[in-house]
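The values are calculated or read from the model by the stated rules, or taken from the named source; none is laboratory data. Nothing here was measured: the structure is a model prediction, and the numbers come from that model. Note that each Cβ is placed from the backbone with ideal geometry, even for glycine, and that neighbours are counted across all protein chains shown. The protein model used for the area step is the full one, side chains on, heavy atoms only, and it has no ligands, DNA or RNA in it. Shrake-Rupley method; radii C 1.70, N 1.55, O 1.52, S 1.80 Å.
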Amino acid sequence: MKKFLLCALLGATFSMQSQNTIEKVPQNANAVVSANGENLLELMSVVELDESLLGKSLIPMIQRFSETSTSLADAGINLNASTQYFMQVTDSITYHVVILPVSNSDKLEVFFAGMEGSEIVQEQEFHTFGGEQTAPVMLWTKEYVAFVNGVLNNDYLNKEEVAARYGLEVEEPFSLEAWLAENAEKEPEETTVYPDDTEVEEVEIESVEDVEVAEEVVIEEEVIETIPQDSTAYDYEYDYDYEYEPAEPSENDKIKKQLAAAWSFAKAKEYLRADGKSSILKNKEYRKQIDDKAELSLYMADMSAMMEAFFSGLSGYANLDATMMSDMYKEFSLSNNFYINDKDITVKMTSNFSDEMADMYKKIYDRKLNSDFLNYINEDKAIGYMAFAINTEETLKVYPKLLTKYMPNVPQLDTEVVDIFADLFSLLLDEEAIGDVVKGDALFVFNGIYEEEVTYTTYDYDEDFNYVEVTDTKMEKVPDFLVMASSDDTSLLNRLIAYGVEKHVIENMGGYYEIDTPVDVPFNVYLTIKNGIIFMGNSSESMSQITSGNFVAKVSDAHKDMLTKSKFSAYFNADRMSQELPVEDMSIGEMKMVLYLLENFGELSLETSKVKGNRMEGTYKWTIPAGHENGLKYFFDVIQNMPR
């Protein structure tokens, strides 16, 4: 496994299209990760990589196996060509594969021979290691290396006909129902435990006179002898030659180990012999979602098969989750394209749903963020925000359908009970009325950290040494936040506020209200309602400005578009956070680390679109701070200069 990880890391460092490793990836691969080295090498050369912290860590490892090596390129792997990782799921085994391009087969074999410590042998047109093959296996030619790790599907091998074919014994699968029944709550037996575990005969006593008083016994004082610190009175002899012997593997384990190795070995040959006629490039969905201009890309197809393979591989747990996950992710695929330039690192994300799930998501996300929220944001002050817009009424209507579709697959739940619960849910809840009270769009704004006088309760002793409750105030640094949510019907909330004022748990501050929270929090909580917006926050100043109409707002077009055109959006300014973060209670080391990361983190933003057709798109952007040539060098610089 170590050789697998080391060489995969070396090969994945940079990649481009001079050797077309993508043609080795089968058309029906379930997941593919690719790197575009042509673009990456324009951002950071191999020489610069050698001088980086990563290079200085890996080169000594290469030199352990190849003494003359002075660069990552000396391992014989072509850092100027594409490297691929992919996963292929079958009913019996899941293959995890890395395809690396070879630049110099002689250097490669010197490196491999030193790393593995075994003889290199010829296997048809391939080279591999001599001796017994175990997964993961490694084969190579003069052009490519294939690492293949096969993970068996235990549920498949546990089928009677399959087990008989390979000489396996059928194993009793894990049953959640049986386990729950066996470990059901039982009434504990009433037992009396004595310190010395001695059985004591219980004697019924009718009166005090019946008890015989024992004669007084004088106990001699026990003398404890102090042993000098250098005494050898308690010397023990240990058997340091004892060696732990692992348990002998069962016959089933031995057979499975052989099957995993044999199947992985055969697949490695198949992948290396592939000529591109049935590669992933023939997959229309892959071509549609993956951008050749991206520096890195990720493609995940048929998530249902991947989920089912994962849970089925856990031997017996398939009964618990595999079917439910398979249904939930049916026809679901995902892709990410990573772009790196001199200003930012951007990830374009795409999710594809089945017709049924796409229809549900369209109804759930059928709402826009209330544009009036923008009147209460000042981006010069805000450190970050998070917003979302869903349709509460439609979400409540969809929820029972999801219950009846997926919950019956969970053990211990009767299908009829689930159906009844879903019907009761729909019957008891007035989706339209709830949707009027809470429409489903909300905005959370984090405005920084400030000092506020807070009231707290403690306990002390009075003059008569009685334990009494004491109320006091203190200055404390607290986060300044504001939450907004739209409502078309605030009558219920107004009644609750009036009731709270009557019961003295809510105080009218003149247009807004202070809430007496049931639990101790290090700040005061305020609430107000204005123009169909419910406001909640912990700044009395902001609440007063909102109520009086004096709030000063400032929102750029970029933030305005991100908030109003997205179904979910988020933003965080790390540098601004570093200027307000309280570091007094941190150690010097912690303070240096936290401030360094925040000062060099830049800005983060995330936004997602509505569902169009069967697709939902999103964009994650990491804006790099000034002083760095590009996103890739910025990433390496931050790691290299991090305080230690």
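Find the relative contact order for segment 448-555 and round it to a whole percent, using C-alpha pairs within less than 8 Å whose residues are 6+ positions apart.
23 percent
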Quiz item: How do 625-635, 365-375 rank on mean C-beta neighbours within 10 Å, highest first?
Solution: 365-375, 625-635
Quiz item: How large is ³J(HN,Hα), in whole Hz, for each residue of segment 346-355 in order, when computed from phi with the Karplus curve 6.51 cos²θ - 1.76 cosθ + 1.60 and θ = phi - 60°, using x for Gly and Pro?
Solution: 10, 10, 9, 10, 9, 10, 10, 10, 5, 4
Quiz item: Of all accessible surface on segment 448-555 at a 1.4 Å probe, what whole percent is carbon and sulfur?
Solution: 49 percent
Practice problem: With a probe of 1.4 Å, find how much accessible area segment 565-604 has per residue, and write the answer as a whole number in Å². | Solution: 57 Å²
Quiz item: Calculated FRET efficiency, ASP91 and SER609, Cβ-Cβ r, R0 35 Å, to nearest 0.05?
Solution: 0.45
Quiz item: Starting at 0 and stepping by 5 Å, how many percent of the alpha carbon pairs of segment 466-526 end up in each bin?
Solution: 4, 12, 18, 23, 19, 12, 6, 4, 1, 0, 0
Self-check item: Amide H contacts under 5 Å for GLY448, placed H, 5+ residues apart
Solution: ILE383, ASP480
Quiz prompt | Accessible-area composition of segment 55-154, carbon plus sulfur, in percent [1.4 Å probe] | solution = 46 percent
Practice problem: Could you let me know the centre-to-centre spacing of segment 444-467 and segment 109-152, using Cα atoms, in angstrom? | Solution: 67 Å
Quiz item: If you roll a 1.4 Å probe over the heavy atoms of the protein chains, what accessible area per residue do you get for segment 55-172, in Å²?
Solution: 45 Å²
Quiz item: So which of LYS343/LYS565; LYS368/LYS612; LYS363/LYS610; LYS439/LYS567; LYS24/LYS277 end up more than 20 Å apart, counting from Cα to Cα?
Solution: LYS343/LYS565
Quiz item: By a straight-distance test (C-alpha under 24 Å), which lysines pair with LYS477 as possible cross-link partners, with residues fewer than eight away in the same chain excluded?
Solution: LYS381, LYS592
